[in-house]
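**Student:** Quick one: the structure is below, and I'll ask about it shortly.
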Amino acid sequence: MQSALPMWFEITSIAVLLAILIVDLLLIIKRPHIPSMRESSLWVGFYVLLALIFGGLMFVIGDAQHGTEFIAGWLTEYSLSIDNLFVFVLILGGFAVPKEYQQRALMIGIILALIFRGVFILAGAALIERFIWIFFIFGAWLIWTAWQQVRPESESDHGDSFLIRKIKQWLPFSDDYDGGKLRTTINGKRFFTPMFLVLISLGVTDLLFALDSIPAIFGITQSPFIVFTANIFALMGLRQLYFLLGGLLDRLVYLKYGIAFILAFIGVKLIFHAMHENELPFINGGKPIEWVPEITTMMSLGVILAAMIVSTVASLVKANREAKASGERLHLGAAEYPEDEAGK
């Protein structure tokens with residue numbers, strides 16, 4: 001697709017977004033703390049509003065196609081990032097990361113996710129440019145991933161992975177954290193801290209999720225700029241969302257079905273697109289298959305929105321009923337922290 005966006009807009013946008021991420025990271029390093037519910041809400045709201053303003057600029061400076069593709073891509077990546085957040089919760093809980101240093105671990109995990117996705121975006125764009133049939137593989141992968149997401153036995157063991165066990169055998173580790181440091185000194189000897197293992201686990205998770213998220217958004221747009229910016233906006237505010245939702249995350253029981261539906265839908269769309277642009281000689285004699293329906297970007301946006309809304313509302317209704325039945329109050333995780341502790 002020929003970009004209708006001016007080069008100055010693309011360069012300026014990426015520079016500004018990367019600058020915001022860097023400033024966010026520096027703030028965490030300078031003042032690690034547990035964000036209050038109010039602080040988390042404001043940051044999440046700010047990043048969502050920023051994404052919507054950016055999408056509006058895409059409509060004005062570019063055209064309706066670019067704007068719609070960005071909104072649909074951002075929503076898809078945001079839903080997958082929330083899925084990623086579920087695993088982050090398990091990792092941080094499994095390694096008992098002190099709450100005041102969870103922000104730093106989350107931010108580094110987000111930076112790693114951005115790096116991995118950037119690499120996959122460049123590789124994916126190059127493959128699509130040369131081999132349109134790669135959409136068959138992308139589509140099949142997303143459908144398989146959707147099935148893995150919902151199958152009953154998909155609950156995995158979140159204990160030490162094979163890689164983590166091997167690293168523990170190869171390197172000396174301390175039993176306790178030393179602030180946010182990766183290495184510490186005990187009785188004159190140097191040890192790695194558990195924080196090093198946390199970052200490795202987050203990095204491996206980011207790598208696996210990048211394998212799903214990049215083919216998914218390429219099913220919506222083939223513009224590397226839209227793919228990259230949608231990923232940046234999807235990752236922005238993710239650490240604040242972690243503290244905002246907190247204990248509510250494990251109550252969004254139907255969200256994985258909504259995400260699986262989105263992945264399967266985009267997988268089908270990719271296969272249909274590959275059939276429309278078919279060049280493989282053993283399929284329809286190497287000719288495009290004209291009878292396959294065309295799924296528009298607006299249709300994709302509607303399906304993505306519907307899947308996210310239905311799965312989230314259904315989860316909240318179920319969680320509220322269970323809370324009432326047990327006499328509990330359904331609350332957001334960040335509200336559990338005392339205000340004086342959360343704000344420092």
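The values are calculated or read from the model by the stated rules, or taken from the named source; none is laboratory data. What you are looking at is a predicted structure, and each value in this text was computed from that prediction instead of being measured. Cβ: placed from backbone, ideal geometry, glycine included. Neighbour counts: every protein chain shown. Note: areas computed on protein heavy atoms with side chains; ligands, DNA, RNA excluded. Shrake-Rupley method; radii C 1.70, N 1.55, O 1.52, S 1.80 Å.
**Student:** Using helices alone, what [θ] at 222 nm do you get for the chain, with -39,500 (n - 2.57) per DSSP H run of 4 or more residues, divided over all residues and rounded to the nearest 500?
**Tutor:** One gets -23500 deg cm²/dmol as the mean residue ellipticity at 222 nm.
**Student:** Here are a few candidate values for Rg and Dmax of the Cα atoms in Å: (i) 27.8, 106; (ii) 21.4, 73; (iii) 17.9, 53. Which one was actually calculated from the structure I just gave you?
**Tutor:** For Rg and Dmax of the Cα atoms in Å, the calculated option is (ii).
**Student:** Heads up, I need the accessible area for GLU39: 1.4 angstrom probe, whole protein in place, Å², nearest 10.
**Tutor:** Taking all protein chains as shown, GLU39 has close to 50 Å².
**Student:** Could you pull the accessible area for LYS168 with a 1.4 Å probe, rounded to 10 Å²?
**Tutor:** LYS168 has an accessible surface of roughly 90 Å² with all protein chains in place.
**Student:** Run the numbers on the stretch 1-114 and let me know its relative contact order in percent, using alpha-carbon pairs under 8 Å that are six or more apart.
**Tutor:** 38 percent
**Student:** Can you give me the relative contact order of the stretch 196-303 as a percent, contacts being Cα pairs under 8 Å and 6 or more apart?
**Tutor:** Result for the stretch 196-303 is 22 percent.
**Student:** Using a probe of 1.4 angstrom, how much of the accessible area of the chain is carbon and sulfur, in percent?
**Tutor:** On the way: 11290 of 16890 Å².
Carbon and sulfur: 67 percent of the exposed surface of the chain.
**Student:** Tell me, in nm to one decimal, what length is gained between TRP8 and ALA96 on full extension, where the rule is 0.36 nm per residue of separation less the Cα-Cα distance?
**Tutor:** Working: separation 88, 0.36 × 88 = 31.68 nm, distance 4.51 nm.
Length gained between TRP8 and ALA96: 27.2 nm.
**Student:** If each residue of separation counts as 0.36 nm, what is the full-extension length gain between LEU42 and LEU127 once their alpha-carbon separation is subtracted?
**Tutor:** Full extension of this stretch gives 26.6 nm more.
**Student:** Separate question: Given a 1.4 Å probe and heavy atoms of the protein chains only, how would you sort ILE167, ILE309, largest accessible area at the top?
**Tutor:** Details: ILE167 20, ILE309 100 Å².
Result, largest first: ILE309, ILE167.
**Student:** At 7 Å along Cα-to-Cβ for each site, give me the label-to-label distance between GLN169 and PHE282 in nm.
**Tutor:** For the pair GLN169/PHE282, the computed spacing is 4.1 nm.
**Student:** Still on this model: Keeping every protein chain present and rolling a 1.4 Å probe, give me the accessible area per residue for the chain in Å².
**Tutor:** Values: 16890 Å² over 344 residues.
Result: 49 Å² per residue.
**Student:** Right, another one. May I ask you to list the lysines whose Cα is less than 21 Å away from that of LYS269, ignoring any residue fewer than eight positions away on the same chain?
**Tutor:** The qualifying lysines are LYS256, LYS287.
**Student:** Follow-up. Can you give me the angle between helix 194-218 and the longest principal axis of the chain, using Cα atoms only, in degrees from 0 to 90, rounded to the nearest 10?
**Tutor:** Roughly 20 degrees between the two axes.
**Student:** List the relative contact order of the chain as a percent without decimals, with contacts defined as Cα pairs under 8 Å and 6+ residues apart.
**Tutor:** 30 percent
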